[in-house]
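Here is the structure we will look at, set down as structure tokens.
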Amino acid sequence: MEQFQKKRLASYIDEKDLGKVRQILIDDPNLIDADLFFAAAKTGDLPLVRYLVEYSRISLNEYDSDHRHVLFYAAMSGNLELFKYLVEKCGMDPLEGDKNLITCWDIVHDSFPEIDKYLEERFKAGYEQFYKNPIRTGFFPDPSICRVGSDYYMVNSSFIFFPCIPISHSRDLVHWEIIGHAITDPKWAYLDKLEGGRGYWAPDISYHDGRFYITATYRLNDVPPVYRRQIVVSSDKPQGPYTEPVFIDEDGIDPSIFNDDDGKRYMLLNRGARIFELDKTATKKISDATLLFYGDHKRAPEGPHLYKKDGYYYLLEAEGGTGPGHRVTVSRSKELFGEYTPCPYNPIMRQKDDKAALQRCGHGDLVDTPDGRWYMVYLCGRMIGDGYSVLGRETALDPVTWTPDGWPLVNDLKGPSAMQKKPFPEIEAAENMNTSEISPCGLFLDHMTPRPFEDGAVKCSVTYENGTAIRSYAIRGSRHALSKVESRNIVLRRQTSFKFRYSVLLDIPQMHEGQSAGITGYYDENTFFEFGIMKKEGGIYVYSNEHIGDRDKTIISDAAIPEVTEAVCFNVDTDYFTRVLSYSTLSSGKTSHAKIHVTLENVNYLCDEGLKKGKRFTGALVGMYAVRLAEELTAFFHHEKYEDLI
């Protein structure tokens, strides 16, 4: 009987028959549900929706499976008056994102100019003057930022990947490009024996007396007695080269450097916020560490940053662990070593909606603009499936306002934003100019390797075809498989979207039995897949292999590729956790039709959450590899292409 009544109600809603809708809900108020409410909004009938909002038992906190509330459905209707009613009278947020960070403004922008104009007038800015979070997609965790003049510089954790600690530059706080790394000399990296997830954690960048300083935790394997050390490097240029790392032996993680007005320099690090004095060069510890403040939340306090403003020392901390409870809190004191008072509005950044797209938001760092505004960069993660963050921890940005009583509030305490006004809409974003620039270590700036490659084993070059840069790599094969810490010569780049296409052309090399080369979807030595060619029983075969923990699943093509084949083009088409691996062959200038080798239905092992083993804090990567074993092998890769599809 109830289902019959619901069908009647749905029919009356579709017909916009308010009288019959009212009568049926008077008889049975519990018949209304979220689906029917959304259907009413999609009709665009304002009286009908107003009645349901003001007289029925429906809640405005209802979301559908795409995490869309009623305003999304009103946006689809194109009815301006209904849209205004829900925004102005019901307080619905047109900038809130769904599970894919699509907002109501995205829906109406090209389809309903009246609503688009209304939003432009309401926010005093046009659609193009907004940006979307995250501002750094993919594996860009633990951001730290500083400003010099009108230029902004940011660093992120790199863990065991080389070159170490990427340095990015921006003029508008939204568009960033890597300009260098803190450690580019393999002899200074000290990563050779470290397991995945170790290495360089939570760097901090600061500027003092004409020099840039970067400090980070050097995290060793869990072999006593030393687990953590701190490093400091410096340079007179933001892109480097930086000095050889100096090690400071104080246990803890997440160091930052604070320069006080009296010329004294300090390092902060966890647990809580401990502090000790440095010498003038910031390379030597000259006092014992002492606790400034443990933290407001009292769980996993880390990531301390200190700022001085308007007579107060402001202490920013990341708390709650790096999972769903992650947050940013602030406290302050009139004296550096005085008593710190927690902000009454804490946490100033936290995701309270466990179904929203942006999760585990924390580890923030503040920066001001030349005209006196403030912003905070912070890490976040986008979960898909049953809580998997395949893109790793990313970097987001939100504005900071200061209360009359002197406390910083991030995004008016709303949590992370999906869509936000650009800090500098007048600055046109430059095209990515560094895609062909080569790091001093011999890789393109957007590429990395798990631990430094063997001397001279990786060489990149650029040629031009009809004005287009063609990036190439010559990779000498590693003596160890990808599953070994000792493996070298895997060249990777970040996966920056849930849907992307990656391809590269591999010239057929001279191969010996058991050797292999191709492309990989990579997380660490414990979880990855290979897709390439291998020498087997005298022939060259296309193969794939999924390595998950201690398990391997290998699929080898039924027949060897023809001996006349000159090159193989490998493709990965990605749709969230699905990877379609296909290839085509090139011979005598002719390319064969692409052939699907295998479809990998679920590569959730390329996530932090994909395997419970060791430290997993990075994100999915994609790239090229070569394994030589005993004999020599050099694989030549070119026409590498990566394209985000959403």
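Among what's in the stretch 333-350 and is in a loop (DSSP other than H, G, I, E, B) and of a type in the set (A, V, I, L, M), pick the residue that is surrounded by the most Cβ atoms within 10 Å (Cβ to Cβ). Filtering the stretch 333-350 for residues that are in a loop (DSSP other than H, G, I, E, B) and of a type in the set (A, V, I, L, M), the one surrounded by the most Cβ atoms within 10 Å (Cβ to Cβ) comes out as Ile348.
The set of residues in the stretch 243-253 being under 23 Å from Asp209 (Cα atoms) and either open to solvent by 30 Å² or more (accessible area, probe 1.4 Å) or under 25 Å from the mean Cα position of the chain (by Cα) (or both) consists of Thr243, Glu244, Val246, Phe247. Candidates are the residues of the stretch 570-594 that are more than 30 Å from Tyr388 (Cα to Cα) and in a strand (DSSP E or B); the one that is nearest to the chain's Cα centre (by Cα) is Ser584.
When Ala469, Ala474 are checked against the criterion of being closer than 25 Å to Ile646 by Cα, more than 24 Å from the chain's Cα centre (by Cα), part of a strand (DSSP E or B) and small (Gly, Ala, Ser), Ala469 stands alone in meeting it. Out of the residues in the stretch 76-112 meeting the condition of being in a helix (DSSP H, G or I) and within 29 Å of Ser497 (Cβ to Cβ), tell me which one is most open to solvent (accessible area, probe 1.4 Å). Ranking the candidates gives Met76 first. Within the stretch 12-66, being within 25 Å of Ala357 (Cβ to Cβ), open to solvent by 30 Å² or more (accessible area, probe 1.4 Å) and in a helix (DSSP H, G or I) holds for Asp35, Ala39, Lys42.
Checking each residue in the stretch 286-319 for being farther than 18 Å from Ala202 by Cβ and in a strand (DSSP E or B) picks out Thr290, Leu291, Phe293, Lys308, Lys309, Tyr312, Tyr313, Tyr314. Of all positions in the stretch 399-411, at least one carries a residue that is within 22 Å of Asn100 (Cβ to Cβ) and at pLDDT 95 or above. Counting the residues of the stretch 370-400 that are open to solvent by 60 Å² or more (accessible area, probe 1.4 Å) and under 18 Å from Ile145 (Cβ atoms) gives 3.
All of (1) among the small types (Gly, Ala, Ser); (2) without any contact (Cβ under 8 Å) to a residue 24 or more places away in the chain; (3) open to solvent by 50 Å² or more (accessible area, probe 1.4 Å) hold for Ser582 with one exception: (3).
Comparison of Val622, Val598 shows that the only residue that is open to solvent by less than 10 Å² (accessible area, probe 1.4 Å), touching a strand residue (DSSP E or B) at 6+ places or on another chain (Cβ under 7 Å) and among the β-branched types (Val, Ile, Thr) is Val622. Of everything listed in (1) within 21 Å of His447 (Cβ to Cβ); (2) assigned to a strand (DSSP E or B), the single unmet condition for Ser206 is (1).
The values are calculated or read from the model by the stated rules, or taken from the named source; none is laboratory data. Keep in mind that this is a model prediction, so the values were computed, not measured. So basically every Cβ, Gly included, is an ideal-geometry build from the backbone, and we count neighbours across all protein chains shown. When the accessible area is computed, the model is the full protein with side chains, heavy atoms only, and any ligands, DNA or RNA have been set aside. Shrake-Rupley method; radii C 1.70, N 1.55, O 1.52, S 1.80 Å.
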